[in-house]
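Taken together, the values in this text are just the output of simple stated rules run on the coordinates, not laboratory data. Remember, it's a predicted structure, so these values are computed and weren't measured experimentally. Counting neighbours? That spans all protein chains shown, and the Cβs are built from the backbone with ideal geometry, glycine included.
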Amino acid sequence: MPDPLTQGITDKSESKAGAPGRGRFLIELLLAMVITRLPFINVPFKWLESYFHELSHGLATLLTGGIVSHIQLFPNGAGLCFSQGGWPVVIGFSGYFGAALWGYLIFILATWPRGIRMSFAMLGSAVIVTALLWGRDLLTISILACLAVLFLLPLKLSRNRFLGSGLRVMALMIMLNALASPTVLLGLNGKGDAAMLATQTWIPGWIWVMAWLAISAVMIFLCWRRVDSAAKNSVIKR
Amino acid sequence: MQIQSNLFAPSTTKAPGVSSSNVKRSQVEPSHQVEQSHKSQGLEASQQVTHGQADKENSQQHALSAPPQNPSPEELESRLVAKLEYEQQTQGTEGAVAHYLANQHAAQREAIQQMVGIDTYA
């Protein structure tokens, strides 16, 4: 019978082992950057960031005591969350912050080889539940259906290694989109979450945009830190 | 009833624009008026009173039969100015009333908007 303490350490080292090497991570980051800039191919991944953005608005609304009516997703990557009540500052801030945070959490899940299939299934299920609860129009439901396929189809693959890489690239794309999207708000006067937060708090909109950029950059850096620490641990073990 | 009111307030029943000097007193028969007055009202009216009453009735008849006098241009102008002033004041007060109505139930309106209004987050 294995020692529980040893078993715990072994599991932990295995989960760390699921993290990619530094070179692999940089390749995955480069691949994510390229895909986010490829026309047409980047469209579903824009939807992915938009979905997590609106999902974060919705969850923040529920957590602050509000009610979510529905969400709308558009083919160009835009999205809307219709809600009642809640705390507007938290709800407004949660969009870009939540997208970056979701990206980081998905990256962490992608470094867990044993749970990689469950992670894909959970994310696909979350998209389906969102479509059932908050999807009202045909376009939004269609986009959510595409995202559900994006998460559930890789489960057909037999090798977990590809699944892990695929999910990490997706997570990095979400974070990169979360990093790029707030910059669009700088060109929008009186529109978007930054303008709403500026009216709510009297803090200029560009400060909010900078905060979101910093948070997204920190999330990507945390991913690197995780990869780096895993690589160091593996060197020490050898 | 007409006679009574004339007795107590004879000066208020003059027709506008008609003076008592224009009335022909020869058209009035005092004795007949006195008898009529006694019969109808039971009052011991003097001849002066009857004369006054006759003057009044005649002046009213004259005012009805005579064509209306045209107001002078000054009078018309003063009326026009008064009307314009009145309308200007009305426009000014309309704005004030509109502002008042807009803010009258502001707190309740905001509470209802928060209750039923939908917030949109992009």
Worksheet item: How do A:His70, B:His105 rank when sorted from fewest to most other Cβ atoms within 10 Å of their own Cβ?
Response: B:His105, A:His70
Item to complete: Please work out the Cα center distance from the stretch A:39-111 to the stretch A:124-149, rounded to the nearest Å.
Response: 13
Worksheet, complete the sentence: Place a point 7 Å from the Cα of A:Leu30 in the direction of its beta carbon; the residues of the stretch A:220-234 whose amide N falls under 18 Å from it are A:224, A:228
Discussion item. Quick check: net charge around A:Val227, other residues with Cβ under 9 Å of its Cβ, Lys/Arg +1 and Asp/Glu -1?
Written reply: +3
Worksheet item: Using alpha carbon coordinates only, what is the Rg to Rh ratio of the stretch A:45-108, with Rh defined as the Kirkwood radius?
Response: 0.98
Item to complete: With no solvent and one equal point scatterer placed on each C-alpha of the stretch A:9-131, evaluate the Debye formula and give log10 I(q)/I(0) for q = 0.10, 0.20, 0.21, 0.23 Å⁻¹, two decimals.
Response: -0.39, -1.18, -1.23, -1.32
Response to the item:
Checked chain A with the C-alpha gyration tensor, a ≥ b ≥ c its square-rooted eigenvalues, rounded below a/c of 1.5, otherwise prolate if a/b is larger than b/c and oblate if not; verdict prolate
Discussion item. How big is the dipole moment of chain A about its Cα centre under a simple scheme where the beta carbon of each Lys and Arg is +1, that of each Asp and Glu is -1, and everything else is neutral? Debye, nearest 20, please.
Written reply: 880
Worksheet entry | Candidates A:Leu59, A:Leu109, A:Leu153, ranked by Gaussian network fluctuation over chain A, Cα under 10 Å, top entry | A:Leu153
Worksheet item: At B:Glu74 and A:Trp202, where each label point lies 7 Å from the Cα along Cα→Cβ, what is the point-to-point distance in nanometres?
Response: 6.2
Worksheet item: Which of rounded, prolate, oblate describes the stretch A:112-238, given a ≥ b ≥ c as roots of the alpha-carbon gyration tensor eigenvalues and a/c under 1.5 marking rounded, otherwise prolate only if a/b is larger than b/c?
Response: oblate
Worksheet entry | Taking A:Val169, A:Val149 and counting other C-beta atoms within 10 Å, the order from fewest to most | A:Val149, A:Val169
Discussion item. Please check: in the Gaussian network model of chain A (C-alpha springs, under 10 Å), which one of A:Pro204, A:Pro39, A:Pro113 has the largest mean-square fluctuation.
Written reply: A:Pro39
Worksheet item: In which sequence would B:Lys83, A:Lys191, A:Lys46 go, from the one with the fewest C-beta neighbours within 10 Å to the one with the most?
Response: B:Lys83, A:Lys191, A:Lys46
Fill in: Contour minus Cα-Cα distance for A:Lys237 and A:Arg159 (0.36 nm per residue)
25.5 nm
Worksheet item: For the stretch A:177-225, what D do you get in µm² per second when you plug the Kirkwood radius from alpha-carbon pairs into Stokes-Einstein at 10 °C and 1.306 mPa s?
Response: 143
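How much net charge surrounds A:Val68 when only the other residues with a Cβ under 12 Å from the Cβ of A:Val68 are counted, with Lys and Arg +1 and Asp and Glu -1?
So the surrounding residues net to -1.
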